[in-house]
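**Student:** Quick one: structure below, then a few questions.
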Amino acid sequence: AGDFTYLGLFSFTNQVASSFGTVSGGGNNTILTDAEFTTIGGGLQNTIQAGARTATIGGGQQNSIENALAATIGGGYQNDIQVAAEIATIGGGVGNTIQGFANYATIAGGQANTIQGNAADAAIGGGNGNAIQASAIVGTIGGGGQNTILPNAWYATIPGGQSNSATNYAFAAGRRAKANHTGAFVWADSADADFASTTNNQ
């Protein structure tokens with residue numbers, strides 16, 4: 001929609017450089033080349049980068065999808081889906097990231113949550129500062145803060161709480177529960193000290 005300024009402060013020009021791309025409203029939103037059939041609903045300074053075919057950003061501000069087929073960001077602020085995280089979804093929140101090749105991964109919302117590279121089918125419900133680390137397949141963090149699914153862990157679960165961690169087929173909840181062994185179930189209390197598994201299937 002042509003160049004113009006609001007009160008002389010900055011440009012609100014929207015740009016569509018791909019066939020069949022759509023920017024419905026908002027300002028300074030951009031769809032780059034080779035991102036056919038993509039949509040930005042509105043908001044401010046959102047970007048669908050080159051190669052992110054059929055991707056969608058609903059709105060919000062400074063959200064970005066990088067060359068990730070059919071990825072979706074609902075809204076929020078400074079959320080990012082990175083290269084080749086196909087069919088990944090961030091619902092909203094602030095500063096959430098799905099890294100490259102984390103196909104089908106989902107962050108529903110919250111703040112500063114991360115699903116690292118190759119962590120396919122992983123999910124974070126919300127909370128703050130939670131991380132599913134690299135190649136942790138089908139890991140789940142419900143919420144809470146500073147919880148971690150460890151690298152290369154399969155099917156690990158942390159429902160919430162604070163500073164918990166889990167590995168393969170393990171479960172950790174409470175505060176500083178450390179399910180460090182395959183199949184361990186660790187439920188800690190509120191004490192500010194690590195409470196850790198010592199063997200598999202404990």
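**Student:** When residues of the stretch 137-148 are filtered for being more than 16 Å from ALA88 (Cβ to Cβ) and either in a strand (DSSP E or B) or not polar (S, T, N, Q) (or both), how many remain?
**Tutor:** Residues in the stretch 137-148 being more than 16 Å from ALA88 (Cβ to Cβ) and either in a strand (DSSP E or B) or not polar (S, T, N, Q) (or both): 5 in total.
**Student:** Take ILE137 and tell me if it is in contact with a strand residue (DSSP E or B) (Cβ under 7 Å, 6 or more places away or on another chain), under 29 Å from ILE65 (Cβ atoms) and not polar (S, T, N, Q).
**Tutor:** no
**Student:** Let me ask something else. Take the conditions in contact (Cβ under 8 Å) with a residue 12 or more places away in the chain, part of a loop (DSSP other than H, G, I, E, B) and farther than 26 Å from ASN152 by Cα and apply them to ASP34. Does it pass?
**Tutor:** Yes.
**Student:** Only one of ASN128, ASN118, ASN103 is under 25 Å from ILE48 (Cβ atoms) and open to solvent by 50 Å² or more (accessible area, probe 1.4 Å). Can you tell me which?
**Tutor:** ASN118
**Student:** Search the stretch 177-202 for residues that are open to solvent by less than 70 Å² (accessible area, probe 1.4 Å) and pair each with any residue that is assigned to a loop (DSSP other than H, G, I, E, B) and basic (Lys, Arg) when their beta-carbon atoms are under 8 Å apart and the residues are at least 6 apart or on different chains.
**Tutor:** The qualifying pairs are ALA188/ARG176; ALA191/ARG176; ALA193/ARG176.
**Student:** Which of the residues belonging to the stretch 88-99 are crowded, with 20+ Cβ neighbours inside 10 Å and either more than 14 Å from ALA123 (Cβ to Cβ) or touching an Asp or Glu at 6+ places or on another chain (Cβ under 7 Å) (or both)?
**Tutor:** Within the stretch 88-99, GLY92, THR97, GLN99 meet the criteria.
**Student:** Limited to the stretch 23-64, what total is found for residues that are closer than 18 Å to GLY76 by Cβ, of a type in the set (A, V, I, L, M, F, W, C) and surrounded by fewer than 18 Cβ atoms within 10 Å (Cβ to Cβ)?
**Tutor:** 1
**Student:** Tell me, which residue of the stretch 169-190 that is touching a strand residue (DSSP E or B) at 6+ places or on another chain (Cβ under 9 Å) and among the polar types (S, T, N, Q) is nearest to ILE141 (Cα to Cα)?
**Tutor:** That would be ASN180.
**Student:** Do you know which residues across the stretch 161-176 are in a loop (DSSP other than H, G, I, E, B), open to solvent by 10 Å² or more (accessible area, probe 1.4 Å) and out of contact with any Leu (no Cβ under 8 Å at 6 or more places or on another chain)?
**Tutor:** Initially, the stretch 161-176 is screened for residues in a loop (DSSP other than H, G, I, E, B), giving 161, 163-164, 167-170, 174, 176.
Restricting the remaining residues to those that are open to solvent by 10 Å² or more (accessible area, probe 1.4 Å) gives 161, 163, 167-169, 174, 176.
Passing the criteria: GLY161, SER163, ASN168, TYR169, GLY174, ARG176.
**Student:** Related question: Just a yes or no: is a residue in the stretch 142-154 among the β-branched types (Val, Ile, Thr) and open to solvent by 50 Å² or more (accessible area, probe 1.4 Å)?
**Tutor:** Taking every residue of the stretch 142-154 in turn, none turns out to be among the β-branched types (Val, Ile, Thr) and open to solvent by 50 Å² or more (accessible area, probe 1.4 Å).
**Student:** Working carefully through the options ALA134, ALA70, ALA85, find the one that is part of a loop (DSSP other than H, G, I, E, B) and either surrounded by 20 or more Cβ atoms within 10 Å (Cβ to Cβ) or of a type in the set (Asp, Glu) (or both). Spell out how you get there, then give the answer.
**Tutor:** Numbers: ALA134 fails: either surrounded by 20 or more Cβ atoms within 10 Å (Cβ to Cβ) or of a type in the set (Asp, Glu) (or both); ALA70 fails: either surrounded by 20 or more Cβ atoms within 10 Å (Cβ to Cβ) or of a type in the set (Asp, Glu) (or both).
After ruling out the rest, the residue left standing is ALA85.
The values are calculated or read from the model by the stated rules, or taken from the named source; none is laboratory data. Values in this document were obtained by computation on a predicted structure and should not be read as measured data. Cβ coordinates were reconstructed from backbone atoms using ideal geometry, including for glycine residues, and neighbour counts include every protein chain displayed. To get the accessible areas, we keep the full protein, side chains included, count just its heavy atoms, and leave off ligands, DNA and RNA. Shrake-Rupley method; radii C 1.70, N 1.55, O 1.52, S 1.80 Å.
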